[in-house]
Amino acid sequence: MIKSMKTFLNRLLSVMLMMTIASCVSETSEVNAQPSTYMGKTLVAYYSYTGNCRDIVDALTSKITADVIEIKPAEKGLRYEANGYALGKQLLNAIKAAPDDEASYPAIDPVSVSLQGYDNIIIVTPLWWSQMAAIMQAYLFSYGPQMAGKHIGLVVSSSSSSIGQVVADCRRLVPDATWMGDALWINDGNRSRMPSLVDEWLAKQDFQTSAEIKNMFITIDGQAQRVALTNNEATKALVERLQEGPVTVTLSSNGDFEIWGALGFSLPTDNRQINAVAGDVILYNGNNICIMYGQNSWSYTHLGRIEGLTEAELRSFLKAGQSNIAVTLSFTEEITAIHDAPAQTSKNTFYSLDGRRIGRSANGAFIANGKKVIL
Ligand SMILES: Cc1cc2nc3c(=O)[nH]c(=O)nc-3n(C[C@H](O)[C@H](O)[C@H](O)COP(=O)(O)O)c2cc1C
């Protein structure tokens, strides 16, 4: 009874949270709720002057769940195509003359959607004078740096000009992205097949999914340890929470087998009688975290496990016996975590920015030998 009340309250809280997020997002964007093929959070950012890119966005969001933001110029009613497309050319020339100067870019309406928490971003833009439309360039000039490490896809619409320079513009404006795959080019010659081309393109893209994140890090006093996460609803919710930034909790020793304390938020529970042992990371009562340096049997939800440390090493790392220990949970950019995990610091071992071990062939930004590397 209590459990079902809790589940109900948890669900109510989730619905309220979703409604709050939706109402924040909808100020500047439409939110789509189509069934998802991909598990990571995806944002589609588009600009459209004559509607072609808007049609592409409709096709994309009929296939994947994505939040959508439309980038709009601050100055309304301009006719970029007037006088032989002269205004469009003028805006692009200003950017070309000083691409690093914010003043070179046309003003756009404020965009209040935070990029935090999105795994994938698809940019949909028209081509102007063989370049990326100036309005989209203005958005990416401001927000491209925040897309570092995310999976970025690009869709370009033109009449007939090829899109090589638009791809180059995108790479300049989003410098540290992990590119999903080749950009999709829709033009007047293939526009009638656009929906199926979008389908095919989506199927080929390397989407990042939240479910792929298999590790987090626990940092205490500058020392970090990798935690192999259990695959359940609690860790999925925890990963989503950590995508917004690291969480620091204050834990204290208890019963000579754990440090524990409040998370400050609730996670979905899958409680069952567990014989927790040293190294286990546990959710207790939905909103407390326990990190074990000894053994205890209780009704818990398993979150993960610190592997490769002896009980004595765990006791030392977790400051067994002490109170008010600051413990940081995180999953991104934990370069120190890799430095501090000697067993995993082999010269030939590579990690994605979210701490996943990856093959050497990966392009984009990754961590190698404890350092962030961009290819
Ligand atoms: C200012 C301006 C410049 C353009 N320059 C080109 C061009 O150089 N080559 C081309 O093939 N299409 C060009 N186009 C056409 C657009 O790329 C094409 O119509 C695109 O599909 C428009 O997308 P939208 O309807 O979402 O705005 C230009 C359009 C504008 C408004």
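If you go through the stretch 258-278 and pick out every residue that is within 16 Å of residue 235 (Cβ to Cβ) and either in contact with a helix residue (DSSP H, G or I) (Cβ under 9 Å, 6 or more places away or on another chain) or hydroxyl-bearing (Ser, Thr, Tyr) (or both), you end up with 8.
Within the stretch 67-86, the set of residues being surrounded by 16 or more Cβ atoms within 10 Å (Cβ to Cβ) and basic (Lys, Arg) comprises just one member, 72. Against the test of being among the aliphatic types (A, V, I, L, M), assigned by TED's automatic domain parsing to the domain that holds residue 184 and within 15 Å of the ligand (Cβ to nearest atom), the options 74, 133, 103 yield a single qualifying residue, 133. Is it the case, given these coordinates, that residue 231 is within 25 Å of the chain's Cα centre (by Cα) and open to solvent by 30 Å² or more (accessible area, probe 1.4 Å)? Judged against the criteria, residue 231 is a match. Applying the criterion of being of a type in the set (Val, Ile, Thr) and surrounded by fewer than 22 Cβ atoms within 10 Å (Cβ to Cβ) to the residues of the stretch 275-305, the residue that is nearest to residue 223 (Cα to Cα) is 277.
Scanning the stretch 143-199 for residues that are open to solvent by 50 Å² or more (accessible area, probe 1.4 Å) and among the basic types (Lys, Arg) turns up 171, 172, 191, 193. Quick one: in the stretch 125-178, of everything that is among the polar types (S, T, N, Q) and part of a strand (DSSP E or B), which residue is nearest to residue 89 (Cα to Cα)? For the stretch 125-178, the residue satisfying everything is 131. Of everything listed in (1) among the small types (Gly, Ala, Ser); (2) touching a Phe, Trp or Tyr at 6+ places or on another chain (Cβ under 7 Å); (3) in contact (Cβ under 8 Å) with a residue 40 or more places away in the chain, the single unmet condition for residue 304 is (2). For the stretch 351-366, the criterion of a residue being surrounded by fewer than 18 Cβ atoms within 10 Å (Cβ to Cβ), at pLDDT 50 or above and in a strand (DSSP E or B) is satisfied by no position.
Taken over the stretch 119-142, the criterion of being hydroxyl-bearing (Ser, Thr, Tyr) and open to solvent by less than 10 Å² (accessible area, probe 1.4 Å) is satisfied by 125, 139.
Here 64, 2 are screened, and the one residue that is at pLDDT below 95, of a type in the set (Val, Ile, Thr) and open to solvent by 40 Å² or more (accessible area, probe 1.4 Å) is 2. In the stretch 253-274, how many are open to solvent by 20 Å² or more (accessible area, probe 1.4 Å) and aliphatic (A, V, I, L, M)? Total meeting the criteria: 2. Considering every residue within the stretch 189-202, establish whether at least one is among the small types (Gly, Ala, Ser) and either touching a strand residue (DSSP E or B) at 6+ places or on another chain (Cβ under 8 Å) or assigned to a loop (DSSP other than H, G, I, E, B) (or both). Scanning the stretch 189-202 turns up at least one residue that is among the small types (Gly, Ala, Ser) and either touching a strand residue (DSSP E or B) at 6+ places or on another chain (Cβ under 8 Å) or assigned to a loop (DSSP other than H, G, I, E, B) (or both).
I want to confirm something. Restricting to the stretch 87-118 and keeping residues that are open to solvent by 30 Å² or more (accessible area, probe 1.4 Å) and in contact (Cβ under 8 Å) with a residue 60 or more places away in the chain, which single residue is nearest to residue 47 (Cα to Cα)? Residue satisfying both the conditions and the ranking: 109.
The values are calculated or read from the model by the stated rules, or taken from the named source; none is laboratory data. None of these values were measured; they are calculated from a predicted model. For neighbour counting, all protein chains shown are included, and Cβ atoms are generated from backbone atoms with ideal geometry for every residue, glycine included. Keep in mind that these areas ignore ligands, DNA and RNA; they rest on the heavy atoms of the full protein, side chains included. Shrake-Rupley method; radii C 1.70, N 1.55, O 1.52, S 1.80 Å.
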